[in-house]
Amino acid sequence: MSSEKKRKILKVGLLINSYNLFLWEYILINKLIHSHYASIDLVVINESHKVSRTFSEKVRERWKFLIFNFYNIFDQYFFKVEKNAFELKDASVILSDISTIDVKPISNFASDSFKYEDIEKIKNHNLDVLIRFGFGILKNDILKASKYGVWSYHHGDSDVNRGVPSGFWEVFENIDVTGSTLQILSKDLNAGKILFKSFSSTNKVSVHRNRNNCYWKSLSFLPRKLEELYNLGGEEFFRRVDNYNKYPVFYSNKLYSVQNASNWKMVKLLLRLFIRLLGRRFSRLFSTGKWSLFFAFGEGLSSSFWKFKVIIPPKDRFFADPFIITENNKYYIFIEEFINKFNKGRISVILMDESGQYQDPVPIIDQPYHLSFPFVFKYKKDYFLIPESQLNNTIELYKCVDFPVKWQFLTNLMEGIDAVDTVLFYYRNMWWLFTNIVENQGSSCLDELFLFYSEDLFSKKWIPHRNNPIVSDVRKARSAGNIFMHNGIIIRPSQDSSKRYGHGMRFNEIKILNENEYEEIEIGRAYPDWNKNIIATHTFNSAGNLTIIDGIFRAKLF
């Protein structure tokens, strides 16, 4: 029998308006029901949600926001998603065996108020956490009805998106990122302790698509934090929460309300959105761009990108994701070579000498599915390569048998995984595997970086880091090249895809890397500002005297 003290499963209560839930809520609740760390012991149903307004109140509101409501219908119809987070799903079956409390309204205007006897009924269940999926802005005693408070999601800017769908103003105000937050509610909504926060790139065309991505990604926040609370215990968990919230949060953006989406104001918003989208489309009609390579030779790492020379691929393909191996004063540049007619990438290699003269790329790994991001490295006397193979749901490892052109598949490091841009880093006798993962279908592969480790390079049982995801921010999560040492510090290049996919790069110093902790700080940025014809750059690598990046090189058609 284990000497370790048996952990107590967390008792959770749900605050819902009805059993008719959004699909993302339904899946989240089902995860908790089948988890090893939590049980759902109580469902609190908001009876006040059923209270109807008068006919005249409904007519006045529908008329005042007629264009706003029409836009939402139009948006969902024309900008469909593969998996709709807001599809309605009946949860009465999966919650049928759980105790319920129907909360009666104090008045028609107090849908967020609880009677004293209802609060006492909830407290009698000795809950650890209450999860808010319904109700209005909660206040007073309900916030203390469970041991660890009421946990609630907030999507988009909790100040900006008042009275409108979350993520709405980010689209119409052309804000680059949309936030998603899990927090513990307080009397002051904006003063609650943040449990987890993430940022996604704003879909500048559709509110529906923008929200869909945010909700699917954030579905995982709550199960992660509940499992962390279960594993750590309340004292250590909240020590970490307090540390996460140690800095003040300042809000200086414009404050909006639902009144900013009334009919006449919606006309102006839609006109402004139309003009912006028309301008983008017009710009694309008169110019074309393709991923190309840019390189420079110097004494070690080169960082002045305006000096870089360009390699423009033929018209029928593009080059991206360059990685370098240097041997005998020669440079082998491994790239994604995307062939337009096949609509997929393959891994190729370009041979370059010290003078910058290079040969045409030679294909070395080609599969029926798309390959890119050829992370190549030397271990002992052999060369290995890990391409991105997301469409095959694998992280594949290849070994070179005749450098640099002949490679054979060795093993899958991971299977059944939706992962992109994997990078390994050997540090303190441990292999560290960094990769972006899509945990929930419908969310973006740009947002969350996960870390795994193993003493054995060829292992199929990589241990997930306890702080996963170690980064949850579209501005710096996805890898942009090798992790490398420079002047005694560890630097992780990352992609900033907030404005568009692969818009720029950020450089982060890894301060702490071990089995229990991960910490990095930003030390530099690189954006495509040195040449007006370059509109994106998302890979950086350096070896020997060669530094190479990629970028979308735009050429005018007329």
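The values are calculated or read from the model by the stated rules, or taken from the named source; none is laboratory data. Source: prediction; values computed, not measured. Neighbour counts run over all protein chains shown; Cβ positions are idealised from the backbone, glycine included. Heavy atoms of the whole protein, side chains included, go into the accessibility calculation; ligands, DNA and RNA do not. Shrake-Rupley method; radii C 1.70, N 1.55, O 1.52, S 1.80 Å.
One table, with the values for the structure above:
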quantity: Unmet criterion (only one of (1) over 30 Å from Y148 (Cα atoms); (2) among the aliphatic types (A, V, I, L, M); (3) open to solvent by less than 60 Å² (accessible area, probe 1.4 Å)) for L255; calculated: (3)
quantity: Selection from region 366-385 of residues that are open to solvent by 10 Å² or more (accessible area, probe 1.4 Å), in contact with a Lys or Arg (Cβ under 9 Å, 6 or more places away or on another chain) and in a strand (DSSP E or B); calculated: D382, Y383
quantity: Among (1) farther than 27 Å from R211 by Cα; (2) open to solvent by less than 80 Å² (accessible area, probe 1.4 Å); (3) at pLDDT below 95, the one test that K5 misses; calculated: (2)
quantity: Exclusive hit being in contact with a Lys or Arg (Cβ under 8 Å, 6 or more places away or on another chain) and open to solvent by less than 30 Å² (accessible area, probe 1.4 Å), set I510, I490, I548; calculated: I510
quantity: Residue count for region 386-406, restricted to those that are closer than 21 Å to G481 by Cα and in a strand (DSSP E or B); calculated: 11
quantity: Any hit, region 411-425, residues being part of a strand (DSSP E or B), in contact with a Pro (Cβ under 8 Å, 6 or more places away or on another chain), open to solvent by less than 20 Å² (accessible area, probe 1.4 Å) and within 22 Å of I510 (Cβ to Cβ); calculated: no
quantity: Residues (open to solvent by 40 Å² or more (accessible area, probe 1.4 Å), outside any helix (DSSP H, G or I) and either free of Cβ contacts under 8 Å to residues at least 24 places away in the same chain or within 16 Å of I131 (Cβ to Cβ) (or both)) located in region 216-245; calculated: none
quantity: Given (1) buried (at least 17 other Cβ atoms within 10 Å of the Cβ); (2) part of a loop (DSSP other than H, G, I, E, B); (3) under 21 Å from the mean Cα position of the chain (by Cα), index of the condition F450 fails; calculated: (2)
quantity: First in region 392-405 and surrounded by 14 or more Cβ atoms within 10 Å (Cβ to Cβ), second anywhere and among the basic types (K, R), Cβ under 8 Å, 6 or more apart; calculated: C400/K406
quantity: Any chance I535 is in contact with a Lys or Arg (Cβ under 6 Å, 6 or more places away or on another chain), more than 24 Å from P387 (Cα to Cα) and buried (at least 16 other Cβ atoms within 10 Å of the Cβ); calculated: yes
